[in-house]
Amino acid sequence: MQQLLVSKSEPLTGTIPISGSKNGTLPLLAAAMLVEGETIIENVPAIHDVDTMLQMLRAVGIECTFIEPGVLKIDATDISSCQAPYHLVRQMRGSFYVAGPLLGRCGEAHVPLPGGCVIGSRPVDFHIAGFKALGAEVEETYGIMRAQAPRGLHGNRIYLDPRWCSVGATVNLMLAATLAEGTTIIENASYEPEVVACGQFLKQCGAQIDGIGSNMLTIRGVQRLEGIRFSSIPDRIEAGTFMYAATITGGDVLFKNVRPDHMTRVIEHLREAGARVETNETELRVIASNDRPRPVDITTAPYPGFPTDLQPAHGALVARAVGTSVLEETIFDARYNYTDELARMGADIRITGQLAIIKGVPELTGAPVEATDVRAAAALVLAALCAEGQTVIEGAEFLDRGYENFEAKLRAVGAPMVRRNSDNNKELLCLA
Ligand code: UD1
């Protein structure tokens, strides 16, 4: 385990370049498995989840090489195995994305069921129902999904649950349907920017997909895809996290390589809280005041709603608001783990079902706290930046799953923090 020691920060000032998107890159890596040849992906973030996905691709015989930092060459000419190793799926649910391409390319996929997750139950039943609708025979025994379609997949109409418009199921089924025979229609498809980018990638490779960016995808199966060069979109969750950091510290920070049009709801809520946010096509500047934020209610929802991945960051901001905010989490059933830790720092939070009622307090104080997932870890850092004294955050390694150079980027704009091993308290200089 690793600890992050964070002290109260002066207002953050300067520029933060935003990396390629974690949730945008993982589907692209899976999509590249459908190409019988070479694909180049640019703007690939150096994060743990990308490493895990690359290990997964290599485990089924695909060659992956960084030809320069952030630029990845994937050669999926040959796929030698249709079995995904358990130790990789266990580490990261996103690795279940290999199921669709394996089925599409090889007519067979053996992928361990990802199991539980700290932010709530995260089944893959929509993915599996979709594979069945496409004609695969699927068995779930001994913790493994064994899907077979020896005569290939066949297009069909797939109806996803409209409450969630599942990101993962949309990606997996779009990937499976790309090489299927006939036409697949996915209703209530997700149109998060990361899913749209995956659809655009596939289309540029030769897939026939209509409705990208809407909640209904029509996919006419093709026989093969051609490799292309494609850039991963900027990470709107990373950008959002750092925008919250700027606001929480009363800072003035310019963000480069962003897509403000992917972040309208977040920008709206930060403005409501009192920050000034200026945007152009690829940049965004947050100018915050030193006053305590105004309270802001949020409800998480599929895109273009407020992203569940930024709900913890919002909780950290309004913990010091002048008044009470109500957060409603509609996507994951256990995403308030971080609130007990914020309470240790002096926050006044009551959870009832899907709601967190947060009564702003004038001051948070540093405390030993523990992160349980990547976004919870980020939220605790945000709270620590405005808390009196020092906060020791256990589980700092979670940040490496989804943020490239998390500490280095924050330190560059003035945030005081250092990482060390929990065991021997030895400082790990610049892991970031
Ligand atoms: C993705 C993101 C995650 C983000 C989430 C919601 C990646 C790698 N992860 O996760 O960061 O927080 O979208 O924006 O991109 N569900 C089912 N059965 C299924 C699939 C989903 O019941 O087969 C439920 C889930 O339990 C959850 C909801 O649907 O309650 C939404 O999940 P989904 O959109 O699939 O999220 P992920 O793709 O897992």
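The values are calculated or read from the model by the stated rules, or taken from the named source; none is laboratory data. Just so we're clear, the structure is a prediction, and the values are computed from it rather than from any experiment. Here the Cβ is made from the backbone with ideal geometry for all residues, glycine too, and neighbour counts use every protein chain on show. In case anyone asks, the SASA skips ligands and DNA or RNA and just uses the protein heavy atoms, side chains included. Shrake-Rupley method; radii C 1.70, N 1.55, O 1.52, S 1.80 Å.
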Nonlocal amide H pairs with ILE144, under 5 Å, H built at 1.01 Å:
LEU113
Whole-Å distance linking the alpha carbon centroid of the range 355-420 with that of the range 67-110 is 33
Would you kindly derive the ³J(HN,Hα) couplings of the range 161-166 from the backbone phi angles with the Karplus curve 6.51 cos²θ - 1.76 cosθ + 1.60 (θ = phi - 60°), listing them in order in whole Hz, with x for Gly and Pro?
5, x, 5, 10, 6, 3
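Suppose we look only past 19 Å in the calculated P(r) of the range 54-207. What percent of the Cα-Cα pairs does that tail hold? List each step's numbers first, then the result.
Values: 6337 of 11781 pairs.
Pairs farther apart than 19 Å: 54 percent.
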Scan around PHE255 for amide H atoms under 5 Å from its own, H built in the peptide plane at 1.01 Å from N, and keep only partners 5 or more places away or cross-chain.
ILE16, LEU284, ARG285, VAL286
Residues of the range 224-245 with the amide nitrogen closer than 18 Å to a label point 7 Å from the Cα of ALA408, along Cα-to-Cβ, please.
235, 238-239, 242
Given a 1.4 Å probe and every protein chain left where it sits, what share in percent of the accessible area of the chain is carbon and sulfur?
47
Please name which of LEU179, THR365, LEU103 has its Cα lying farthest along the dipole of the chain towards the positive end, using unit charges on Cβ (Lys, Arg +1; Asp, Glu -1) and the Cα centre as origin.
THR365
Where is the GNM fluctuation largest for the chain (alpha-carbon springs, 10 angstrom cutoff): TYR336, TYR403, TYR142?
TYR142
Long-range amide H contacts for ILE158: which residues qualify at under 5 Å (H placed 1.01 Å from N, peptide plane, sequence gap of 5 or more or a different chain)?
ILE185, ILE186, GLU187
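Let me check against my output: what whole-number percent is the relative contact order of the chain, with C-alpha pairs under 8 Å and at least 6 apart?
21
In square angstrom, what is the accessible area per residue of the range 22-231 with a 1.4 angstrom probe? Intermediate results must be reported in sequence, preceding the final value.
Working: 8410 Å² over 210 residues.
Here the per-residue accessible area is 40 Å².
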In whole Hz and in residue order, list the ³J(HN,Hα) couplings for the range 388-398 that follow from phi through the Karplus curve 6.51 cos²θ - 1.76 cosθ + 1.60, θ = phi - 60°; x for Gly and Pro.
5, x, 10, 10, 10, 9, 7, x, 4, 5, 4
Here the equivalent ellipsoid of the range 1-118, derived from its Cα gyration tensor, has semi-axes (largest first, whole Å) of 31, 19, 11
Could you go through the range 140-155 in sequence order and give the Karplus-derived ³J(HN,Hα) for each residue, using 6.51 cos²θ - 1.76 cosθ + 1.60 with θ = phi - 60°, rounded to whole Hz, and x for Gly and Pro?
10, 9, 6, x, 10, 8, 10, 10, 9, 9, x, 9, x, 8, 10, x
Among rounded, prolate and oblate, which fits the range 191-268 when a ≥ b ≥ c are the square roots of the eigenvalues of its C-alpha gyration tensor, a/c under 1.5 means rounded, and a/b larger than b/c means prolate?
prolate
Under the 7 Å Cα-to-Cβ spin-label approximation, GLU388 and CYS106 lie apart by a distance in nanometres of 6.0
In terms of Cα to Cα distance under 23 Å, which lysines are near enough to LYS203, apart from those fewer than 8 places away along the same chain?
LYS22, LYS73
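Report, in debye and to the nearest 20, how large the dipole of the range 22-231 comes out about its Cα centre when Lys and Arg carry +1 and Asp and Glu carry -1 on their Cβ. Intermediate values should be presented prior to the final figure.
Details: 16 positive and 21 negative charges, 56 e Å.
Charge dipole, the range 22-231, about its Cα centre: 280 debye, nearest 20.
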Degrees between helix 264-273 axis and first principal axis of the chain (Cα, 0 to 90, nearest 10)
10
Rounded FRET efficiency, nearest 0.05, which uses the C-beta distance separating GLU68 from GLU137 and R0 of 56 Å:
0.85
Once label points are set 7 Å from the Cα along Cα→Cβ at both ASP423 and ARG271, what is their separation, rounded to one decimal in nm?
5.0
GNM result for the chain, Cα springs below 10 Å: residue of GLU281, GLU63, GLU404 fluctuating most strongly:
GLU281
Note down the accessible area of ARG157, probe 1.4 Å, to the nearest 10 Å².
130
With all distinct Cα pairs included, what does the Kirkwood hydrodynamic radius of the chain come out to in Å, to one decimal, could you say?
22.0
